[in-house]
Amino acid sequence: MEKFVNKIICGDNLELIKEISDEFINLVVTSPPYYKQRDYGSGIGNEETIEEYIEKLRQLFHECVRVIKRDGNIVFNIGDKYENGNLLLAPYRFAIEILKKEPVKLVNDITWIKLNPTPRQFKRRLVSSTEPFLHFVKSDDYYYNIDSFMNHLDRLKKHNSRNSNRNKIGKRYFDLINESSLSEKEKSMARKELLKVIQEVKTGKLDSFRMKIRGIHSKPFGGQEGGRKIQLEKKGFTVIRIHGNALKRDVIECPVETIKGCKHPAIYPEYIIQQLIRLLTQEGDIVLDPFMGSGTTAVACKNLGRNYIGFEINPNYCKYAEKRVSNIKFQSTLELF
Ligand SMILES: C[S@@+](CC[C@H](N)C(=O)[O-])C[C@H]1O[C@@H](n2cnc3c(N)ncnc32)[C@H](O)[C@@H]1O
């Protein structure tokens, strides 16, 4: 088995994956060819019907489930396709088929928002600019390190410090308090609490906050929110303090990447793969990408001290990927944008 580790093997993934023993892999992260999108020469992607395409992917997925460890993770990035003006919802058909037939759970549908989608002049539809990364697991105790995942708030803070005046923090809530039907005493208490929480954000004690005001914001539902509901009713307002992981969302905004001199037409962003690898593996773990393409997954693994196994059917892409990986200087590109 070790013969595959830290190598990109040229061949058909459905054949090659059979040589990997059960529960050897920590994470499968991959992006199969999208349905009828491109001609890669051979391999998956140009089946007659969407059903045949999904069935082929499911057969590979079945093997992925077999080779991942009990606490392993699988992430498939699949793009959608229009056929005769009709959006096929290919990723979701795939997910439903997988959940019907394979012993896995779907944890998240993480949306990649493309910051620079290819401009297209459609007269009667909008430009598609998102793609899902579907995160599946085999058991409930899957490895998960949320502290390592990108912090939306850090990026938001960077954005805010660049683009706005810090003195404006919370201004909207002062306006809402003024406009509200709270009594003067309640308004005064709300303003005092708001000033306090703004100070906590400015001094870095707190990442962010939300305020709810009686008569303006809806009442929270459910048992967990009971305390807040009572505060809202009795005091007229409640403050939700947000620390670190509480706003780690299922969205990644990132530009589409191109690499100078690379002939591969569909590279996924190394930034996203790095985030998923940090979230779902530890240093030294083994990551499999059965559709390695230009080698992005291997590059991300090498940058983060993880081992990789890559399969790729096209010999030219294999050569390119090997060269790309061997040129890596061990340096994280996480802060690239
Ligand atoms: C969407 S691309 C992956 C791109 C890759 N994520 C990257 O960043 O470069 C899909 C790749 O799967 C390869 N492929 C298609 N069918 C395959 C098969 N049966 N076995 C191995 N590779 C296959 C294609 O040649 C293509 O390079």
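The values are calculated or read from the model by the stated rules, or taken from the named source; none is laboratory data. Computed from a predicted structure; not experimentally measured. Every residue, glycine as well, gets a Cβ built from its backbone with ideal geometry; the counts of neighbours run over all protein chains shown. Only protein heavy atoms, including side chains, enter the accessible area calculation; ligands, DNA and RNA are left aside. Shrake-Rupley method; radii C 1.70, N 1.55, O 1.52, S 1.80 Å.
Mind ranking 178-187, 289-298 by how tightly packed they are, going by the mean number of other C-beta atoms within 10 angstrom, highest first? All intermediate terms of the calculation are to be shown ahead of the outcome.
On the way: 178-187: 13.4, 289-298: 27.6.
Most protected by this proxy first, the peptides run 289-298, 178-187.
Each listed q (0.11 Å⁻¹) maps to a log10 I(q)/I(0) for segment 1-158 from the Debye sum over equal C-alpha point scatterers, namely -0.53. Alpha-carbon geometry of segment 186-312: the Rg and the Dmax are 22.9, 65 Å, given in that order. Ligands, DNA and RNA excluded, the heavy atoms of ARG120 present near 140 Å² of accessible surface to a 1.4 Å solvent probe.
Mean projection of the Cα convex hull over all viewing directions, computed for the chain: 21.1 nm². Spatially, segment 306-327 and segment 60-96 are offset by 22 Å when compared through their Cα centroids. Sorting the segments 265-278, 79-92 by their residues' average number of neighbouring beta-carbon atoms within 10 angstrom, most packed first, yields 265-278, 79-92.
By the Cβ rule of 4.7 Å, the chain holds the following cysteines without a possible disulfide partner: CYS64, CYS254, CYS262, CYS301. Computed from point charges on the beta carbon alone (+1 for Lys and Arg, -1 for Asp and Glu), the dipole magnitude for the chain about its Cα centre is near 2200 Debye.
Expressed as a rounded percentage, what relative contact order does the chain have, with Cα pairs under 8 Å and six or more residues apart? Across the chain, relative contact order equals 24 percent.
Over segment 83-146, what is the relative contact order in percent, taking alpha-carbon pairs closer than 8 angstrom and at least six residues apart?
36
A Gaussian network model of the chain, with springs between Cα atoms under 10 Å, assigns the largest mean-square fluctuation among GLU233, GLU97, GLU48 to GLU233. For HIS217, the solvent-accessible surface with a 1.4 Å probe is about 50 Å², rounded to the nearest 10.
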